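What follows is a set of notes on a single structure, which appears directly below.
Just so it is clear, none of the values below were taken in a lab; they were calculated from the coordinates. As the structure is a computational prediction, the values presented were derived from the model and not from experiment. With ideal geometry, Cβ positions are generated from the backbone for all residues, glycine too; neighbour counts draw on all protein chains shown.
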Amino acid sequence: METVHGSTGSRNSKWVQGVLAVILVCNLLVSAIKIAVGFATGMPSITADGYHSITDCFSNVIGLIGTRIAHKPKDEDHTYGHARYETLASLAIVALLFILGLNVLEQSFNALSEPDFRVPSGMELALISSTLAFNLFVVAAERLAGRKLVSIILTADAQHTLSDVYVTCGVLASVLLIKYMGAPAWIDSAISFLIALMILKTACQIFHVAADELTDHIALDPAEIAKVVLSDPDVHGIHKIRSRRSGDMIYTDFHVQCDPEMKLKDVHAMTHRLEARLNERLGVSISCVIHTEDETLSRASKPLEDKTSQARDA
């Protein structure tokens, strides 16, 4: 007997979109401040930092589009829903990060030969510092929202905003070294180069998470699933455990052995109980496909399976 269950809960996409909309407004404000200071001083690193904040805005827009599509109702062509469109949106953020990283690398090399800027004033430094503090708050808030709403797009977007923090830290460090310690102008290019490497590293990390989902990488440790399932007194064995992630949902299927004398209604109740227990104890949204087997037949078939496996290996 095989029983398929749906999710016991789902994320409210309106909350995710609301968070992204607020972050978008914050990023627009931060980018405007940085670009204004960059144009006023002629310092390329500050202007580039402002343009980097604009890419944060782009990622917010991509996230808003992605979450709206991802939470469309299931249809005949998408029986598992549209959750992976959100993962595709996170890949677009990866592309933005790679383009940004390469651009920062190019600008850092160009600035080595022709440095031409004035050192920012105390007020201008205070403005840049305020954007740094603001971005740190945004990252913390967005990460918290991502965990509560189990949103890959919010988590990826927080990582993108964190790269903006790295850029601003590098810019402030180079300005302070040049302004107060008489460091040469090329120090700004050296720090920009290191920032570019960090941005590219962040892109690789986000890509790794998205690629795992798109390639159906295992989502849950089979041992954790088995431990929860075997805690049910009606389950006498479990095997063939599989799991994969799609957005905020984890899909898992496994075979359980139980008493062949169990009534159909009891078996059905058991499968519902198992899924509810998995959702509760593992703290994630899980949809289960549970195949129930006669435990006596399963034991009888093991020697045959072992002989077949040995013959295949030989």
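The figures follow:
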item	result
Computed [θ] at 222 nm, helices only, for the chain once each DSSP H run of length n ≥ 4 contributes -39500 (n - 2.57)	-25000 deg cm²/dmol
Degrees, to the nearest 10: 13-41 long Cα axis against longest axis of the chain	20 degrees
Extension gain, Ala95 back to Leu28 (0.36 nm per residue minus Cα-Cα distance, nm)	22.1 nm
Under 16 Å from the Cα of Lys74 - aspartates and glutamates, other chains or at least 8 residues apart	Glu86, Asp248
Cα long-axis angle, helix 84-113 against the chain (0 to 90 degrees, to the nearest 10)	30 degrees
The range 85-147: C-alpha gyration tensor shape, a/c 1.5 cut-off, then a/b vs b/c	oblate
Helix 44-70 axis, angle to the chain major axis (alpha carbon atoms, nearest 10°)	30 degrees
Residue among Phe254, His239, Ile225 farthest towards the positive dipole end of the chain, charges placed on Cβ	Ile225
Cross-link reach list, lysines versus Lys263, counting only Cα pairs under 30 Å and skipping chain neighbours closer than eight places	Lys227, Lys240, Lys302
Fewest-first ranking of Val267, Val229, Val256, using other Cβ atoms within 10 Å as the exposure measure	Val267, Val229, Val256
Computed E for Ser130/Gln205 - FRET, C-beta separation, R0 30 angstrom, nearest 0.05	0.60
Using a Förster distance of 35 Å, the FRET efficiency for Glu295-His217 (Cβ separation, nearest 0.05)	0.65
Estimated dipole of the chain in Debye, rounded to 20 [Cβ of Lys and Arg +1, of Asp and Glu -1, Cα centre]	540 debye
Ellipsoid semi-axes in whole angstrom, largest first, where each is sqrt(5λ) of the Cα gyration tensor of the range 10-214	35, 17, 12
Cα gyration tensor shape for the range 121-221, rounded if a/c is under 1.5, else prolate or oblate	oblate
